[in-house]
């Protein structure tokens, strides 16, 4: 059974979401609901260092949330993506669209 753990922590000018486990067609709905609700209200930083798998469904959620954030004036940051996440993002051809950071200090 695929397992995805999502925890969130409110920071000064963004919400930090820690994502751990497999982000796929079975697990992405909770992630999608949480992310869409947050990106409409604030900047979101996702720590994806412990993501073990990401499917096209998971990537679709990221792309859609990024676009929604831009429309609302908020930014979606990806903090320390795992190698799996990096490869998946690069495979989309949209790698440069994502704001990938190494530290929350980079969030303005």
Single condition residue 50 does not satisfy, out of (1) surrounded by 15 or more Cβ atoms within 10 Å (Cβ to Cβ); (2) touching a strand residue (DSSP E or B) at 6+ places or on another chain (Cβ under 9 Å): (1)
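Which of the residues spanning region 19-35 are surrounded by 15 or more Cβ atoms within 10 Å (Cβ to Cβ), touching a strand residue (DSSP E or B) at 6+ places or on another chain (Cβ under 7 Å) and in a helix (DSSP H, G or I)?
31, 34, 35
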One residue from 16, 38 being surrounded by 16 or more Cβ atoms within 10 Å (Cβ to Cβ), at pLDDT 95 or above and part of a helix (DSSP H, G or I): 38
Subset of region 58-98 [at pLDDT 95 or above and not in a helix (DSSP H, G or I)]: 73, 74, 75, 76, 77, 78, 79, 80, 81, 82
The listed residue being surrounded by fewer than 18 Cβ atoms within 10 Å (Cβ to Cβ) and either closer than 17 Å to residue 21 by Cα or under 11 Å from the mean Cα position of the chain (by Cα) (or both), out of 66, 97, 87: 87
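The values are calculated or read from the model by the stated rules, or taken from the named source; none is laboratory data. Please read all numbers here as calculations on a predicted model, not as lab measurements. FYI the Cβ positions are ideal-geometry reconstructions off the backbone, even for glycines, and counts take in every protein chain you see.
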